[in-house]
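To start, the structure itself, in structure tokens.
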Amino acid sequence: LRIGVLISGSGTNLQALIDQALRGTLDANIVCVGSDRAAAYGLVRAHEAGIATFVVSYEKYLKGDPIDSLEEAEVEAVDARQRILRDSDEEARRDRLKRLMAAEREILAHLECHGVELVCLAGFMRLLTPYFLDRFRREDRPGVVNIHPALLPAFPGQHGYRDTYLYGCKWGGITIHFVDEGEDTGPVIAQAVYPIWDEDTCQDVRQRGLHLEHLMYAQVVNWIARDQVRLVARSEGRARVLI
Ligand code: GRF
């Protein structure tokens, strides 16, 4: 299975996947690593492992000239299905969506040029629109997966560990899930939990959780590579995953 990993930051999950690949225990090839930030340390990790990298600057699209190279009808169709831009001003929302789609188009071109079959988000801090997701849709198999630092649906968003800690949870968790049009809402593939002790700091919680993330992401990639992850049923609107 040819995987592309998208990152924004330090890339410790990427490193865990690289390490497993070097050990021969990953049933997939990491063919490229993309980032929305040129300064992401994960890019250095990829370089050191000899993996192709690319950077797509969202800023360039979000702040630059209006995008006129996308069909209005296509933008409208994506807008009808997207759930991430809640801007009620239709014109502003469409403009922003178009800019996101233009950035995604550049990412897609890189991923396609490397023949990527599965996209693994590993600390990628951008929300993806249906425009991107459709290109990797593989019916009941995952095309884009994400790792999240909390036990979804608790604590979606960017600060899973901090939110888990501040809430005073006695258990924290991590989730690997299909990516859909929402924010951290796709069907769950795997979760793992860890205890939180009274004397723990937020940093302890983060470390314990990250350790689990690093073990679990490679495991899930292997399940997917062996074609063992399927969406099997929908009950009350939720998909179930069969491993
Ligand atoms: C991880 O906690 C992951 O769950 C979240 O972002 C963080 C990325 O960390 N989505 P790293 O860049 O892999 O070190």
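Every read-out reported here was derived from the displayed coordinates using simple, explicitly stated rules and does not represent laboratory data. Since this is a predicted model, take the numbers as computed values, not measurements. Don't worry about glycine lacking a Cβ; one is built from the backbone with ideal geometry, like all the others, and counts go over all protein chains shown.
Would you calculate, for the chain, the mean residue ellipticity at 222 nm contributed by helices, counting each DSSP H stretch of 4 or more residues as -39,500 (n - 2.57) and dividing by all residues, to the nearest 500?
On the way: 8 runs with 98 residues, N = 243.
Using -39500 (n - 2.57) per qualifying helix, the result is -12500 deg cm²/dmol.
For the stretch 35-107, what mean projected area does the convex hull of the alpha carbons give, in nm²? Please report the intermediate quantities before stating the final value.
On the way: hull surface 23.4 nm².
Projected area, direction-averaged: 5.9 nm².
Sort S35, S69, S10 so the one with the fewest other Cβ atoms within 10 Å of its own Cβ comes first.
The fewest-first ordering by Cβ neighbours comes to S69, S10, S35.
When the gyration tensor of the stretch 1-82 is built from Cα positions, what are the square roots of 5 times its three eigenvalues, in whole Å, from largest to smallest?
Working through the eigenvalues yields semi-axes of 31, 16, 10 Å.
Would you mind counting up the charge near A52? Only other residues with Cβ under 14 Å from its Cβ, with Lys and Arg at +1 and Asp and Glu at -1.
Local charge sum for A52: 0.
Can you give me the pair-distance distribution of the chain, C-alpha pairs, 5 Å bins, whole percents?
Histogramming the chain at 5 Å steps yields 1, 6, 13, 17, 19, 17, 13, 8, 4, 1, 0, 0 percent.
By how many degrees, between 0 and 90 and to the nearest 10, does the Cα long axis of helix 202-225 differ from the longest principal axis of the chain?
Computed tilt is about 70 degrees.
If you average the C-alpha positions of the stretch 1-77 and of the stretch 173-213 separately, how far apart do those two centres end up, in angstrom?
Centre-to-centre distance over Cα atoms comes out at 21 Å.
Just to confirm the filter: which chymotrypsin sites (Phe, Trp or Tyr not before Pro) across the stretch 172-235 are DSSP coil and have at most 13 other Cβ within 10 angstrom of their Cβ? Don't skip to the end; give the middle numbers.
Numbers: sites: F178, W197, Y217, W223; in loops: W197.
Loop-located and lightly packed - W197.
Hand me the GluC sites (Glu not before Pro) from the stretch 61-119 located in a DSSP loop with no more than 13 other Cβ atoms within 10 Å, in residue order please.
Taking the stretch 61-119 and a limit of 13 other Cβ atoms within 10 Å, the loop GluC sites (Glu not before Pro) found are E71.
What's the local net charge at T201, with K and R +1, D and E -1, over the other residues with C-beta under 13 Å away?
Neighbour charge sum, excluding T201 itself: -1.
Rounding to the nearest 10 and keeping the result within 0 to 90°, find how far the Cα-based axis of helix 90-113 lies from the longest principal axis of the chain.
Here the helix axis deviates by roughly 70 degrees.
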